[in-house]
Amino acid sequence: MGKQADLDKVRQAILDNNICPELASGATNLVMGDGNIDADIVFIGEAPGKKEDEQGLPFVGAAGKFLNEMLAAADMDRSDVFITNIVKYRPPNNRDPLPEEKKAFWPYLLKQLQIIQPKVVITLGRHSMEYFLPDMKISQIHGQAKRIQFGDDKLVIIPLYHPAAALYNGGMRQTLIDDFLQVPQVVAKL
Ligand code: URA
């Protein structure tokens, strides 16, 4: 079976298993991801916001616009990468996802990665970093490639700041842009 069919099964499993019913009842869409399912790079954000929930696509609001700009500056675009979130329904009023919500969606994120088989996972913000790199602080390791064991394979994680957090914070914004521009070199070296 093809990758897209396998990814469709992951979506169906989230529905069949009634994952996070409270979030589901307040959401318009289950936002699974967007981009190239054969990509070497997968970006993982936190959870859909209002625009993402409306359109059923990740990172289409202000943070997404900033992400698109950074991709362009690094000579990439959305069709070169795959973009998803750890939590796949919008939390009410854009609150942070709860620990139990992240835990509930984590196995489905892993399945997506097992199907897509990227070389590199770029986590955006601490919510998506924490399961891959537990006990690490984003302020200390942002932009650094970390090799982890992932099932039988090795996977490289590059933790970056979240574009929404960095958008209006001058110092963090520049740090995120600088880290982002290093990504192609890091990937080329793998
Ligand atoms: N922030 C996220 O973490 N994900 C989105 O899809 C949009 C904003």
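The values are calculated or read from the model by the stated rules, or taken from the named source; none is laboratory data. All figures in this text were calculated on a predicted structure; none of them were measured in a lab. For neighbour counting, all protein chains shown are included, and Cβ atoms are generated from backbone atoms with ideal geometry for every residue, glycine included. Keep in mind that these areas ignore ligands, DNA and RNA; they rest on the heavy atoms of the full protein, side chains included. Shrake-Rupley method; radii C 1.70, N 1.55, O 1.52, S 1.80 Å.
The one condition from (1) touching a Phe, Trp or Tyr at 6+ places or on another chain (Cβ under 7 Å); (2) assigned to a helix (DSSP H, G or I); (3) open to solvent by 10 Å² or more (accessible area, probe 1.4 Å); (4) aliphatic (A, V, I, L, M) that Ile177 does not meet is (1). The set of residues in region 75-91 that are farther than 27 Å from Ala13 by Cα and either outside any loop (DSSP other than H, G, I, E, B) or without any contact (Cβ under 8 Å) to a residue 60 or more places away in the chain (or both) contains only Asp77.
When region 150-174 is limited to residues that are over 25 Å from Asp135 (Cβ atoms) and of a type outside the set (Lys, Arg), the one that is surrounded by the most Cβ atoms within 10 Å (Cβ to Cβ) turns out to be Leu167.
Exactly one residue out of Ala24, Ala72, Ala13 is without any contact (Cβ under 8 Å) to a residue 24 or more places away in the chain, assigned to a helix (DSSP H, G or I) and away from the ligand (no atom under 13 Å from the Cβ), and it is Ala72.
So in region 140-190, with the set limited to residues that are within 18 Å of the chain's Cα centre (by Cα) and among the small types (Gly, Ala, Ser), which one is nearest to the ligand (Cβ to nearest atom)? Looking at the filtered set, the residue picked out is Ala164. For beta carbons closer than 7 Å, sequence separation of 6+ or different chains, a first residue in region 31-52 that is modelled with pLDDT of 95 or more and part of a loop (DSSP other than H, G, I, E, B) and a second that is of a type in the set (Lys, Arg) and open to solvent by less than 40 Å² (accessible area, probe 1.4 Å), the qualifying pairs are Val31/Lys88; Met32/Lys88. Give me a count of the residues in region 113-127 that are within 16 Å of the ligand (Cβ to nearest atom) and modelled with pLDDT of 95 or more. Residues in region 113-127 being within 16 Å of the ligand (Cβ to nearest atom) and modelled with pLDDT of 95 or more: 5 in total.
Residues that are of a type in the set (Gly, Ala, Ser) and part of a loop (DSSP other than H, G, I, E, B) within region 92-145 comprise Gly125, Gly143, Ala145, listed in sequence order.
Within region 81-94, the set of residues being more than 10 Å from the ligand (Cβ to nearest atom) and at pLDDT below 95 comprises just one member, Asn93. Determine whether region 111-118 contains at least one residue that is within 20 Å of Gly49 (Cβ to Cβ) and in contact (Cβ under 8 Å) with a residue 60 or more places away in the chain. For region 111-118, residues within 20 Å of Gly49 (Cβ to Cβ) and in contact (Cβ under 8 Å) with a residue 60 or more places away in the chain: present.
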